[in-house]
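Down below is the structure, laid out as C-alpha cells.
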Number of protein chains: 2
Amino acid sequence: MVLAYIVAAGMSKIGRREESSREIVAEAFEEVTTVVDPRDIEAVYVGVQSEVYEHQIMYGALVAEALGLLPREAYRVEACAAAGALALHTAVMAVKSGLVDVALAVGVEKMTAKPTEVVTDALMAASDIVDQLSGVTIPAHYAMVARRYMYLYGATEEDLCEVAVKNHKHALDNPKAHFKKAVSVEECLKSKPVATPLKLLDSAPISDGAAVAVVASERAARRYTDAPVKVLASTVATDTLSISQRDDIVWPTAVWEAAQRAYRQAGLAPSHIQVAEVHDAFTINEILMYEALGFAKRGEGYKLVREGQTYIGGKIPVNPSGGLKARGHPIGATGLAQIYELYLQLTGRAGRRNTGAEVAMAVNEGGVNSTAVVHILAI
Amino acid sequence: MVLAYIVAAGMSKIGRREESSREIVAEAFEEVTTVVDPRDIEAVYVGVQSEVYEHQIMYGALVAEALGLLPREAYRVEACAAAGALALHTAVMAVKSGLVDVALAVGVEKMTAKPTEVVTDALMAASDIVDQLSGVTIPAHYAMVARRYMYLYGATEEDLCEVAVKNHKHALDNPKAHFKKAVSVEECLKSKPVATPLKLLDSAPISDGAAVAVVASERAARRYTDAPVKVLASTVATDTLSISQRDDIVWPTAVWEAAQRAYRQAGLAPSHIQVAEVHDAFTINEILMYEALGFAKRGEGYKLVREGQTYIGGKIPVNPSGGLKARGHPIGATGLAQIYELYLQLTGRAGRRNTGAEVAMAVNEGGVNSTAVVHILAI
C-alpha cells in the first residue's frame, strides 16, 4: 500500500488567547511554511467545533481563505473532540488515493470567548434522544465511568490524580503548553469537585489553540526532507454515542477496535509503541486507554501510572506534551496537537521532553469514546 | 489511477416527513441492501447540518448505530449544503486510498421540525465577521446575485422563473419528489416575494430526506454488479465564504474551478456531459451553473433554459429529478440525492425521466457557491 508521510507540523501557543481563531490557525501554519511552500498544498481538511464555540460553520472555506489557500479543496470533518485526528485521517486518505500530493490537516478551537455557563451547546455531542433531555453533561458522563471503574477494580481518587500529576510535570518542559505548573496528588484531591469523583485537576481545561500537519506522498515528501515521518496506520472506529447503550462503560470499545486495526495496518504490537499521546480529557480516560491500547491488562491501567511507567523515562511514556490535561484541550485542535508532539518526538525536536522514540501512537476521541481515531507514526 | 465505482444508491421519499432523521436514513439505506450486504461496508461518511436543525453533532456515530454498522469507521463531513457530495468525495478517496474496499456515503436532513422563523442558526453558514452581524440571510445573498446578473446580462424575472417551470415539470415523473405540481411562469411571477427579485417559486423548499450511495473498489464492485457506475472525477474547490469578498458575484469561481479540475481528471469536455444535476437552491443559481460548467457562454445561461435546451429531450438535460427546486432540498442529503438521480439515469432506472445518458455530472455547493463539489459519473 502507498504510504503517506508527515513532512511538517505546527502548533500555536495553547491557552487563553486574545486573537481570533483564524489568527491562531495562521500562527500554527506559519511554522510549517519554513518547510513547505504554501503553493504546493492542494487540499485542506479542518477539524473544529465552531458551531458550538463561534456560531460558525463552513470552516473549510474560512481557513483556506485565512491561509491564502483559495481556491483549493477545503472542507470540515467532525466527530466532536476527535475532529483534529479526523482531519489528519482524511488528509492521509487523500494522499494515498493519488488525488492529492500534498494535503494540510488543520485543527483549531477558540473556546474562551464563549461563556462557560453555556453548557447546552456542548451537549450537542450527547445523543439528543437519550442524554440531552436528561441534562447529563460531558463531565458527568466521565464521572459515571470513573465511579464504575473505581468500584470494579479498586482504583482510588489518588490513582486518578496521579495522571494529572504526571501530565502537569511533563508540561513543565513544553513552552507551548496551557499550564506550566506542577501539581501534587494532595492539591488534586483538594481541588473543586466538577462531577464527583472527578475534580478540577482531573479535568482538561478550556483552551484556545490550533495545530496543523502537512501530509505528502512519497514523491512529494522527498522535496521537503530526507527523514519524513511515516504514517504506518490511520484508523477510525465507532461506539454508540450514548454510554447508556454500552454493555460495559469502562471498556472503550471504539478505542480498542481502532487500536487493533492500527496494529494490524502497521504490522506492530503494543510492545512496539515507544511513546503515545492519548486523550486524557479527564484523568480516568488516560487509564482506560492504557488498557484498550494494550499497554496494561484490563483493570490494571491505574497501576501503570502509580508505578511511574508512563512518565518520560518510563517503560511507555504517555502524554509527554502534558496531554489534554496540561498542554490544553482546544477541542478541534487536540488531535493534531497530539500529532505535533509526536512529530517533535520522532524527529528529535522535543527538547527536554525527547524520548528518543522511533515508533509512536496517537489516540484522539470524541463523544466519550464514541469515535476513536488512532495513528501510528514512525521515523 | 485506481477507479472507484458506485454499485448501489438509495433515497427516501423527500418532503415533510413525520419520521426522525435516523428513520429516514434507514429508509434510504434499505434500498441499497438489496444489492450490498451491510456486513461488507467498512466505513460511513455522513453529510448533515444537524447542529442547525437538530441540536446534534457526532452524526457519524449516530448513523452507524442507526444502520447497525458499529464499530465501523464513521464520521461527518461539512460544508453546509455541499455536505452530501463531500460524503461521496470522502468515500471515493477512502476507496481509492486502498484503506477501504466498500464505503457508504450518507446525506440526511430533518428540517421541518425546526420553526422556520429561526433564521439565525442557518446564518452559521455566513461569515460571522462580515455577514452574520449585518443580518443578511442566505436568500438575500442569492437575491443580490440575481439582481446583479439581471443588470449585467439583461435576464428577466421571467427567465429565472423558466428554471422553476422546467424543474417542476421534471419532478412530475419523480415519485420521490417533494413537489409533483406543475407551475407556470405566471404563477411563479405572482408568487410571494422572498428576497426580491427572488420569489417563493424561485426558491427550493424546506424538506426532510436522506440519500445514500455505496462506493466500492473494482475488485469489490464485481461482487455486486456487472455494470457499476464509474466515478470518473471527484473534485472540490473553494471561494471566499462572504460574497462581499469576491471580485464578481455572478461568477461562481469555486464551481468553475471544481468543474475544470473534474474535466481534467476525467479527460472530458463540457460537450461530453449528457445529463447533469446542479444546485438550484434558487433559480438564479442553475443559470450561473450553466455558464460555470461550460454548457453556455458567460452571460448567456438564461437563454439555454428559455430555448428549452435543459429539459429532458433537450441538448443537455439539467435536473431531470426536479432539482432542489421540486425534488426538494434537505440540506445534507441534496448532494447524494443528485447522485441517486444520476445513478438511476446511467443504469436506465429513471422511468419516464430516463435520458439514456452514459456520462453525467453532479454539482453540489455550500455557502452561496463557496464550496463546490463536482462529480463526473459514467456507465
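The values are calculated or read from the model by the stated rules, or taken from the named source; none is laboratory data. All values derive from a computational prediction rather than experimental measurement. Methodologically, a virtual Cβ is constructed for each residue, glycine included, from the backbone with ideal geometry; neighbour enumeration extends over all protein chains shown. Heads up: the accessible areas ignore ligands, DNA and RNA and are worked out on the full protein's heavy atoms, side chains in. Shrake-Rupley method; radii C 1.70, N 1.55, O 1.52, S 1.80 Å.
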Find out how many positive minus negative residues lie around B:Glu42, taking Lys and Arg as positive, Asp and Glu as negative, among other residues whose Cβ is under 9 Å from that of B:Glu42.
-2
Whichever lysines have a C-alpha closer than 27 Å to that of A:Lys180, once near sequence neighbours (fewer than 8 apart) are set aside:
A:Lys13, A:Lys110, A:Lys114, A:Lys166, A:Lys169, A:Lys190, A:Lys192, A:Lys199, A:Lys303, A:Lys315, A:Lys325
Segment B:226-239 - phi-based ³J(HN,Hα) in whole Hz, Karplus 6.51/-1.76/1.60, Gly and Pro as x
7, 10, x, 7, 7, 8, 7, 7, 8, 9, 9, 9, 9, 10
Relative contact order for chain A, counting Cα pairs under 8 Å that sit 6 or more residues apart, in percent:
26 percent
Per residue, how much accessible area does segment B:306-349 show when a 1.4 Å probe rolls over the protein heavy atoms, in square angstrom?
24 Å²
Can you run phi through the Karplus equation (6.51, -1.76, 1.60; θ = phi - 60°) for segment B:352-357 and list ³J(HN,Hα) in whole Hz, with x for Gly and Pro?
5, 8, 3, 10, x, 5
Taking the alpha-carbon centre of each part, the distance from segment B:190-255 to segment A:1-56 in Å is 27 Å
So, relative contact order of segment A:146-213 in percent, Cα under 8 Å, 6 or more apart, is 27 percent
Considering only protein heavy atoms, what is the solvent-accessible area of B:Ile312 at a probe of 1.4 Å, reported in Å² to the nearest 10?
60 Å²
Taking springs between alpha-carbon atoms closer than 10 angstrom, which of A:Val165, A:Val185, A:Val46 fluctuates most in the Gaussian network model of chain A?
A:Val185
Ranked order, B:Asp202, B:Asp226 - accessible area, probe 1.4 Å, largest first:
B:Asp226, B:Asp202
Using a 4.7 Å Cβ cut-off, which Cys residues in chain A lack a partner cysteine?
A:Cys80
In percent, how large is the relative contact order of segment A:1-117, given Cα pairs closer than 8 Å and 6 or more residues apart?
32 percent
How far is B:Lys297 from itself in the other copies, in nm, if each label sits 7 Å out from Cα along the Cα-Cβ line, shortest first?
8.1
Label geometry 7 Å along the beta-carbon vector: B:Ser244 inter-copy distances in nm:
4.5
Local charge sum around A:Ile284 (other residues, Cβ-Cβ under 12 Å, Lys/Arg +1, Asp/Glu -1)?
-3
May I ask for the net charge around B:Leu377, where only other residues with Cβ less than 11 Å from the Cβ of B:Leu377 are counted and Lys, Arg are +1 while Asp, Glu are -1?
-2
For A:Tyr53, B:Tyr5, what's the largest-to-smallest order of accessible area, 1.4 Å probe?
A:Tyr53, B:Tyr5
Keeping all protein chains in position, work out how much accessible area B:Leu70 exposes to a 1.4 Å probe, and write it in Å² to the nearest 10.
50 Å²
Under a Cβ-only charge scheme (Lys and Arg +1, Asp and Glu -1), can you give me the dipole magnitude of segment B:191-301 about the Cα centre, in debye to the nearest 20?
360 debye
Where the centre of each part is set by its Cα atoms, how far does segment B:139-186 sit from segment A:299-351, in angstrom?
56 Å
Chain B - mean residue ellipticity at 222 nm from DSSP helices (-39,500 (n - 2.57) per run, n ≥ 4, rounded to 500)
-10000 deg cm²/dmol
Measure out, as a whole number of angstrom, how far apart the alpha-carbon centroids of segment A:357-379 and segment B:82-108 sit.
22 Å
Over the protein assembly as shown, what is the percentage of antiparallel beta bridges among all DSSP beta bridges, to the nearest 5?
70 percent
Which distance in nm do the two modelled labels at A:Arg39 and B:Ile379 give, with both placed 7 Å along the Cα-to-Cβ direction?
4.5 nm
Return the long-range amide H neighbours of A:Thr371 (sequence gap of 5 or more, or a different chain), with a cut-off of under 5 Å between placed amide H atoms.
A:Asp239, A:Gly366
From the Cα gyration tensor of the protein assembly as shown, with a ≥ b ≥ c the square roots of its eigenvalues, which class applies: rounded if a/c is under 1.5, or else prolate if a/b is larger than b/c, or else oblate?
prolate
Sorted list, accessible surface of protein heavy atoms, 1.4 Å probe, largest first, for A:Thr90, A:Thr355 is A:Thr355, A:Thr90
Please report the antiparallel percentage of the DSSP beta bridges confined to chain A, to the nearest 5.
70 percent
May I ask you to give the percent of accessible area on chain A that is carbon plus sulfur, with a probe radius of 1.4 Å?
52 percent
About the Cα centre of segment B:228-379, what is the dipole size in debye to 20, counting +1 per Lys and Arg Cβ and -1 per Asp and Glu Cβ, all else neutral?
420 debye
Hey, for A:Lys181 with labels 7 Å out along Cα-Cβ, what do the inter-copy distances come to in nm, ordered shortest first?
6.3
Just the accessible area per residue of segment B:150-230, please: how many Å² with a 1.4 Å probe?
45 Å²
Ignoring ligands and nucleic acids, A:Lys169 exposes an accessible area, probe 1.4 Å, in Å² to the nearest 10, of 110 Å²
Under the Karplus curve 6.51 cos²θ - 1.76 cosθ + 1.60, θ = phi - 60°, whole-Hz ³J(HN,Hα) for segment B:270-278, x wherever Gly or Pro sits
x, 5, 7, 6, 9, 7, 9, 10, 10
Tell me which DSSP H helices of chain B clear both cut-offs, 20 Å or more of axial length from alpha-carbon atoms and a mean Kyte-Doolittle hydropathy of at least 0.5.
B:83-97
